[in-house]
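Take a look at the structure set out below.
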Amino acid sequence: MSRDTFIGLGGFEAGMYPGEDTRLCIELYRKYNTGVYYEPELYVYHHRRSLFKSHLQQVGRYGTQRGKFALSYPETSFILPYFIPSVLLIYFISLPWTMQYSKLILFPGLVYLAVIVVESMVFAYKRNILIATLMVPAVIATHLYYGYRFIVSFMRKLIVKVGEIGRAHV
């Protein structure tokens, strides 16, 4: 991308992290009808934070931006996989009430936990048992915190959008 194009798109938005690259690429397509191309020789390294606090802060930022993007850029972000952690969070929060009707409601949660445990056992076998023991709580915390931040951000953006639609019809 040329410098002029970058400036014409407004560059990276200060305060928008993560997601500034996603917004820039979508605006590139919208404004110049061109996109980003795949380069098989290019590698991008995303630095992951250590567990738990800094990792969850990073994951929370991703959840927040993706929640906003689901409404701002639905062509790339209003897709099922981004909503799954939020559905999982709602599922676990609702268990005390839904279990009153049927114990079968526990089945999806048990499958979820079983998959995580099996994955951590495979990791322990192949790599490191200490890290594998941290995987179960880390994966659960990651999914639930991302889901929480996604829901909060999505709902805030939805309220703003509904307000804009209401003002437009007045």
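Observations on the structure shown:
- Of residues in the stretch 1-34 being of a type in the set (Gly, Ala, Ser) and closer than 29 Å to GLY60 by Cβ, the one nearest to the chain's Cα centre (by Cα): GLY19
- Scanning the stretch 153-170 for residues that are open to solvent by 100 Å² or more (accessible area, probe 1.4 Å) and within 16 Å of SER77 (Cβ to Cβ) yields a total of 1.
- Candidate set: the stretch 48-75, residues that are exposed (fewer than 12 other Cβ atoms within 10 Å of the Cβ) and closer than 27 Å to ILE7 by Cβ; chosen: the one farthest from the chain's Cα centre (by Cα): GLU75
- Taking the stretch 88-117 as the range and being open to solvent by 90 Å² or more (accessible area, probe 1.4 Å) and over 15 Å from VAL136 (Cβ atoms) as the test, the residues that pass are ILE90, ILE93, TRP97, GLN100, TYR101, LYS103, LEU104, PHE107.
- Any hit, the stretch 102-117, residues being part of a helix (DSSP H, G or I), in contact with a Lys or Arg (Cβ under 7 Å, 6 or more places away or on another chain) and aliphatic (A, V, I, L, M): no
- Of all residues in the stretch 91-105, those satisfying the criterion of being out of contact with any Gly (no Cβ under 8 Å at 6 or more places or on another chain) and under 24 Å from PHE150 (Cβ atoms) are ILE93, SER94, PRO96, TRP97, THR98, ILE105.
- Among the residues of the stretch 25-37, those that are in a loop (DSSP other than H, G, I, E, B) and either open to solvent by less than 70 Å² (accessible area, probe 1.4 Å) or among the aliphatic types (A, V, I, L, M) (or both) comprise THR34, GLY35, VAL36.
- Among the residues of the stretch 7-24, those identified as open to solvent by 40 Å² or more (accessible area, probe 1.4 Å) and among the charged types (D, E, K, R) are GLU13, GLU20, ASP21.
- Scan of the stretch 40-62 for residues that are of a type in the set (Gly, Ala, Ser) and part of a loop (DSSP other than H, G, I, E, B), ordered by number: SER50
- Yes/no for LEU42 being farther than 30 Å from GLY8 by Cβ and of a type in the set (A, V, I, L, M, F, W, C): no
- None of PHE78, PHE83, PHE150 is out of contact with any Asp or Glu (no Cβ under 6 Å at 6 or more places or on another chain), free of Cβ contacts under 8 Å to residues at least 60 places away in the same chain and surrounded by 13 or more Cβ atoms within 10 Å (Cβ to Cβ) except PHE78.
The values are calculated or read from the model by the stated rules, or taken from the named source; none is laboratory data. Just so it is clear, the model here is predicted, and its values are computed rather than measured. Glycine gets a Cβ as well: all are built from the backbone with ideal geometry, and neighbour counts include every protein chain shown. Quick note on the areas: whole protein, heavy atoms, side chains included, nothing else; ligands and nucleic acids left out. Shrake-Rupley method; radii C 1.70, N 1.55, O 1.52, S 1.80 Å.
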